[in-house]
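Accompanying notes for the structure given below.
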Amino acid sequence: MTYTPDILHDAEKAFALREGLPLDGLEAVHELRAAHHDLPTPWHRIAVWIVAPVLAGFAHWLEQQTKRHEHSLFLGVMREGRLLCRLMQTLSGIPAHEIWLNRNLSMLAAFGCGDDEALVNWLVRTRLQPLTRAQAMQQLLGKSYSGTDASKPVTSDNVYALMEDWKKTGALDQARAHSFALADRLLKHWQSACKAGPQSHILLADFASAGNIQRSLVAVFAAKRHTVAMTGLNFVTTAGSQWAEKTGCLMHGWLAERGEPEWMAQTYARTPELIEIFAAAPTGPLQDYQANGTPVFGTSFLTAAQQELIRDLQKRIIDTAAVYYRQMGGELTVELGRCLWGRLHVDPKTAEVECMADWPLDAGLDGSARRVLAARVKGDPMGWTKMQTAWPAGSRMLPKEKS
């Protein structure tokens, strides 16, 4: 089956009717797609026909948010922040600047500043697969560990007992000291990024959903006596963001806020990788900061051809998003965004799955490449883990693994 604007339009109308979403804006999107039909690959069609109008809507919402804060500084959290910054600069003329942050380093820095729950989040809650005790010790302290329980996984059932053991042996204090030094380096990077503009209010733009980075920054700033007025502006915020809000974070979400509507928040949280593929800068993962705050990167696991494809797609996304932005303006509603993005997540077309299924993904916090977007998985889809497949709807459309 070919992949055309008409086929996509019919699928989105059916999805909107099934989910009780308005049809407003779909016809205008369809007309603009028809004007951009001559595209070389399914990758380019997905980028121009779906990603571009969705991100144009997100950018429109971001622009409205910035108007609430005069003299604010817009920071896009890397690796996806580069595309957000370029969108804001191109579509709205808003100065926007990149800042290198990730959950891995931010949560460790917060732990160094006294937030033990950040360590629990780092050890267990934000991982796709469990750390062993040896791996945890190696990553926290750079020390090998060969105890009889070295291969035992760290889980929600034993993490607090493990931290008590580390406290008795002094390992917890050593790990905190290492992480406190990391917090210093992170803060220097933050201060360097904030020199780009006025600091009366920071708008921290990201795609992430639970607020772990922003929550960690609050802990670091408090410990370092660094006063910052900050609002998080996110593609989605899940119900988990409420825990961040309890620590003083102020954040908003576009497609979903604080987990509502539930179907959209859960759909996105299950497969945030879909937008990250198109939005992420084709660089290696952030691994540390130098003493002066300069970011330190790992090696990208993308091939040179994949990196070039991402650059090409992002240029087309920005150029086409500008067209959607000019032509549709206020029609780029959140309901339209939910329809376009929700349909791709849960009811993809065969051409979309065949195109994207084998795209390499990292395995979470460690930044290594260990999985693909939609693997061929056997068994009950309800039991598939994120390590088995990031995109369950895509995997369901592929031939299953042989038993």
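Screening Leu250 on (1) farther than 26 Å from Arg343 by Cα; (2) open to solvent by less than 30 Å² (accessible area, probe 1.4 Å) shows it passes everything except condition (2). Select from segment 96-120 the residues that are in contact with a strand residue (DSSP E or B) (Cβ under 9 Å, 6 or more places away or on another chain) and not in a helix (DSSP H, G or I) and write down the one among them that is surrounded by the most Cβ atoms within 10 Å (Cβ to Cβ). Per the criteria, the residue is Leu101.
Can you tell me which residue among Phe278, Phe301 is open to solvent by 30 Å² or more (accessible area, probe 1.4 Å) and either at pLDDT 95 or above or outside any helix (DSSP H, G or I) (or both)? Spell out the reasoning first.
Details: Phe278 fails: open to solvent by 30 Å² or more (accessible area, probe 1.4 Å).
None of the other options fit; the residue is Phe301.
A Cβ distance below 9 Å, combined with a sequence gap of six or more or placement on separate chains, defines the contacts here; from segment 372-389, residues that are in contact (Cβ under 8 Å) with a residue 60 or more places away in the chain and surrounded by 13 or more Cβ atoms within 10 Å (Cβ to Cβ) reach residues that are in a loop (DSSP other than H, G, I, E, B) and of a type in the set (Gly, Ala, Ser) in the pairs Leu373/Ala357; Leu373/Ala390; Lys386/Gly364; Met387/Ala363; Met387/Gly364. If you go through segment 67-90 and keep only what is crowded, with 21+ Cβ neighbours inside 10 Å, in a helix (DSSP H, G or I) and in contact with a helix residue (DSSP H, G or I) (Cβ under 8 Å, 6 or more places away or on another chain), you end up with Leu83, Leu84, Leu87, Met88.
A quick yes/no check of all residues on (1) at pLDDT below 95; (2) touching a Ser or Thr at 6+ places or on another chain (Cβ under 8 Å):
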residue	(1), (2)
Ala14	no, no
Leu21	no, no
Gly25	no, yes
His30	no, no
Ala35	yes, no
Arg45	no, no
Val48	no, yes
Val54	no, no
Ala59	no, yes
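For the criterion of being within 28 Å of Ala280 (Cα to Cα) and open to solvent by less than 20 Å² (accessible area, probe 1.4 Å), Leu123 passes.
Return yes or no: is Arg316 open to solvent by 30 Å² or more (accessible area, probe 1.4 Å), within 30 Å of Gly25 (Cβ to Cβ) and basic (Lys, Arg)? Considered against the rule, which asks whether it is open to solvent by 30 Å² or more (accessible area, probe 1.4 Å), within 30 Å of Gly25 (Cβ to Cβ) and basic (Lys, Arg), Arg316 comes out as yes. Counting only residues that are charged (D, E, K, R) and at pLDDT 90 or above, which one in segment 343-377 is farthest from Val54 (Cα to Cα)? The residue in question is Arg376. Filtered by the rule that a residue be closer than 14 Å to Arg343 by Cα and not in a helix (DSSP H, G or I), segment 7-42 gives Gly20, Leu21, Pro22, Leu23.
What number of residues in segment 283-311 are in contact with a helix residue (DSSP H, G or I) (Cβ under 8 Å, 6 or more places away or on another chain) and within 12 Å of His44 (Cα to Cα)? Number of matching residues: 2.
With respect to Val77, determine if the residue is touching a strand residue (DSSP E or B) at 6+ places or on another chain (Cβ under 9 Å), at pLDDT 95 or above and within 29 Å of Leu332 (Cα to Cα).
Details: touching a strand residue (DSSP E or B) at 6+ places or on another chain (Cβ under 9 Å): yes; at pLDDT 95 or above: yes; within 29 Å of Leu332 (Cα to Cα): yes.
So Val77 passes the test.
The values are calculated or read from the model by the stated rules, or taken from the named source; none is laboratory data. Since the structure is predicted, the reported quantities are computational estimates derived from the model, not experimental observations. No Cβ is skipped: glycine too gets one built from the backbone with ideal geometry, and neighbour counts run over all protein chains shown. Protein only, heavy atoms only, side chains kept; ligands, DNA and RNA dropped before computing areas. Shrake-Rupley method; radii C 1.70, N 1.55, O 1.52, S 1.80 Å.
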